[in-house]
Amino acid sequence: MQVISETGELREAIKAARSQGKRIGCVPTMGALHAGHVSLFHACRSQANFVVATIFVNPTQFAPHEDFSKYPRPLEKDLEAAKLAGVDLVFTPTKEGLYPEGYSTYVTVEGVSAPMEGALRPTHFRGVATIVLKLFNLVQPDVAVFGAKDYQQQALIRRMVKDLDVPVEVITAPTMREHDGLAMSSRNVYLSAEQRKSAIALWESLNLAEDRLHDGETDIQAVAAAMLQHLQKAAGVVPDYAVIADPQTLQELTAPQPRMVALVAARLGTTRLIDNKEIAL
Ligand code: PAF
């Protein structure tokens, strides 16, 4: 497995893979790899024969009060995990390499970036879209894989790729879950034992929404209110939102439709968790 930090070296390695006729796949990550990331590497491998993982804690997607400096960076462990998962090349750029002095260009995706995470973290998606487009320009992948856990993020990347004619196929791989259903996340390591127990309320609230809708409930606001109530009942859980939305536009629904997505976000102490579930009627 190659490990490359310099953009020039990366371009050379990609050129070499291309010249061997390889189909290039890319899995952008911020490291702190867990089984969820490994499943993305495997999904990528099933679509490509040269798998590039990027590991970069992207400063532009963190607000000043967020956890950029304390975000876990276990690089050696991550490289080991990537190697075990069959990744061909890991790109580990530096902040200075990607955002040199004088850097001034950002990508804004309107609409899909506005509600939920976008409303609560106003500069977050601008940072995500910018870094993902930069990584696409550097790696020039045929296919890129993102996790369904960051549902709004994958919808935004799909929108950006379509709007800007980026020649990459975007694949969304299913969320990996712990034994009790908690979505795997690099941020789960911050949870205390008590918080870890309460965190299951997110997954429960999504299942509750699905059950209500499958039982024929047509009042979407009542379903969202029930999700919120379920989150509020869990010790130490402070919900940010509980929403039923359209899977493509992420706009909140006022009536059930054949395909929907339920999304929740909540804080447990200083840790913020998100989760979602697609619901089909
Ligand atoms: O999902 C993530 O880990 C990040 O938002 C991404 C896509 C790697 C961009 O920094």
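Would you pick out the residues in the range 119-148 that are touching a helix residue (DSSP H, G or I) at 6+ places or on another chain (Cβ under 7 Å), under 27 Å from D240 (Cα atoms) and either of a type in the set (D, E) or assigned to a loop (DSSP other than H, G, I, E, B) (or both)?
The answer is A148, and nothing else.
Here is a check on your reading of the model: is S69 more than 17 Å from Q153 (Cβ to Cβ), at pLDDT below 95 and more than 18 Å from the chain's Cα centre (by Cα)?
Working: more than 17 Å from Q153 (Cβ to Cβ): yes; at pLDDT below 95: yes; more than 18 Å from the chain's Cα centre (by Cα): yes.
So S69 passes the test.
Condition first: crowded, with 16+ Cβ neighbours inside 10 Å, more than 27 Å from A193 (Cα to Cα) and in contact with a helix residue (DSSP H, G or I) (Cβ under 6 Å, 6 or more places away or on another chain). Now tell me which residues in the range 214-242 satisfy that.
V223 - this is the single residue of the range 214-242 that is crowded, with 16+ Cβ neighbours inside 10 Å, more than 27 Å from A193 (Cα to Cα) and in contact with a helix residue (DSSP H, G or I) (Cβ under 6 Å, 6 or more places away or on another chain).
Taking the range 151-174, which residues are assigned to a loop (DSSP other than H, G, I, E, B) and within 12 Å of the ligand (Cβ to nearest atom)?
Step one: list which residues in the range 151-174 are assigned to a loop (DSSP other than H, G, I, E, B), which gives 164-168, 174.
If the condition is that a residue be assigned to a loop (DSSP other than H, G, I, E, B) and within 12 Å of the ligand (Cβ to nearest atom), then no residue fits.
Could you grab the pairs with beta carbons closer than 9 Å, sequence gap of 6+ or different chains, first residue in the range 221-232 and within 16 Å of W203 (Cβ to Cβ), second one hydroxyl-bearing (S, T, Y) and in a helix (DSSP H, G or I)?
Partner pairs satisfying both residue conditions: A226/S205; M227/S205; L228/S205; Q229/S205; H230/S205; L231/S205.
Any residue at all in the range 129-150 that's among the aromatic types (F, W, Y) and farther than 18 Å from F56 by Cβ?
Looking for residues that are among the aromatic types (F, W, Y) and farther than 18 Å from F56 by Cβ, one finds none in the range 129-150, hence no.
Could you count how many residues in the range 14-33 are among the hydrophobic types (A, V, I, L, M, F, W, C) and over 19 Å from V145 (Cβ atoms)? Steps first, answer last, please.
From the range 14-33, those among the hydrophobic types (A, V, I, L, M, F, W, C) are 14, 16-17, 24, 26-27, 30, 32-33; that's our starting set.
Next, from what is left, pick out any that are over 19 Å from V145 (Cβ atoms): 16.
Counting residues in the range 14-33 that are among the hydrophobic types (A, V, I, L, M, F, W, C) and over 19 Å from V145 (Cβ atoms) gives 1.
When you scan the range 27-54, how many residues do you find that are among the aliphatic types (A, V, I, L, M) and in contact with an Asp or Glu (Cβ under 6 Å, 6 or more places away or on another chain)? Please lay out each step first, then the result.
Step one: list which residues in the range 27-54 are among the aliphatic types (A, V, I, L, M), which gives 27, 30, 32-33, 35, 38, 40, 43, 48, 51-53.
Right, trim to in contact with an Asp or Glu (Cβ under 6 Å, 6 or more places away or on another chain) and you get 33, 51.
Final tally of qualifying residues: 2.
Of the numbered conditions (1) over 24 Å from G31 (Cβ atoms); (2) outside any loop (DSSP other than H, G, I, E, B); (3) acidic (D, E), E110 fails exactly one; give the number of that condition.
(2)
Quick grid of which residues meet (1) touching a strand residue (DSSP E or B) at 6+ places or on another chain (Cβ under 9 Å); (2) under 21 Å from A173 (Cα atoms); (3) among the hydroxyl-bearing types (S, T, Y); (4) crowded, with 20+ Cβ neighbours inside 10 Å:
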position	(1), (2), (3), (4)
V3	yes, no, no, no
T29	yes, yes, yes, yes
L33	yes, yes, no, yes
L40	yes, yes, no, yes
F50	yes, yes, no, yes
T60	no, no, yes, no
P72	no, no, no, no
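Would you mention how many residues in the range 157-213 are within 17 Å of P247 (Cβ to Cβ) and either of a type outside the set (G, A, S) or free of Cβ contacts under 8 Å to residues at least 24 places away in the same chain (or both)?
Summing the residues that are within 17 Å of P247 (Cβ to Cβ) and either of a type outside the set (G, A, S) or free of Cβ contacts under 8 Å to residues at least 24 places away in the same chain (or both) in the range 157-213 gives 14.
Any idea which residue in the range 41-51 is nearest to the ligand (Cβ to nearest atom), counting only those that are over 17 Å from the mean Cα position of the chain (by Cα) and of a type outside the set (S, T, Y)? Give the derivation first.
Taking the range 41-51 and keeping what is over 17 Å from the mean Cα position of the chain (by Cα), we get 45-51.
Pick out the ones that are also of a type outside the set (S, T, Y) and you get 45, 47-51.
On the way: R45: 18, Q47: 17, A48: 17, N49: 22, F50: 19, V51: 15 Å.
Restricting to residues being over 17 Å from the mean Cα position of the chain (by Cα) and of a type outside the set (S, T, Y), the top hit is V51.
If I filter the range 38-77 down to residues being part of a loop (DSSP other than H, G, I, E, B) and among the hydroxyl-bearing types (S, T, Y), which single residue comes out as farthest from V128 (Cα to Cα)?
Ranking the qualifying residues of the range 38-77, first place goes to S46.
The values are calculated or read from the model by the stated rules, or taken from the named source; none is laboratory data. Owing to the predicted nature of the structure, the values given are computational and were not obtained by experimental measurement. We place every Cβ from the backbone using ideal geometry, glycine too, and count neighbours over all the protein chains shown.
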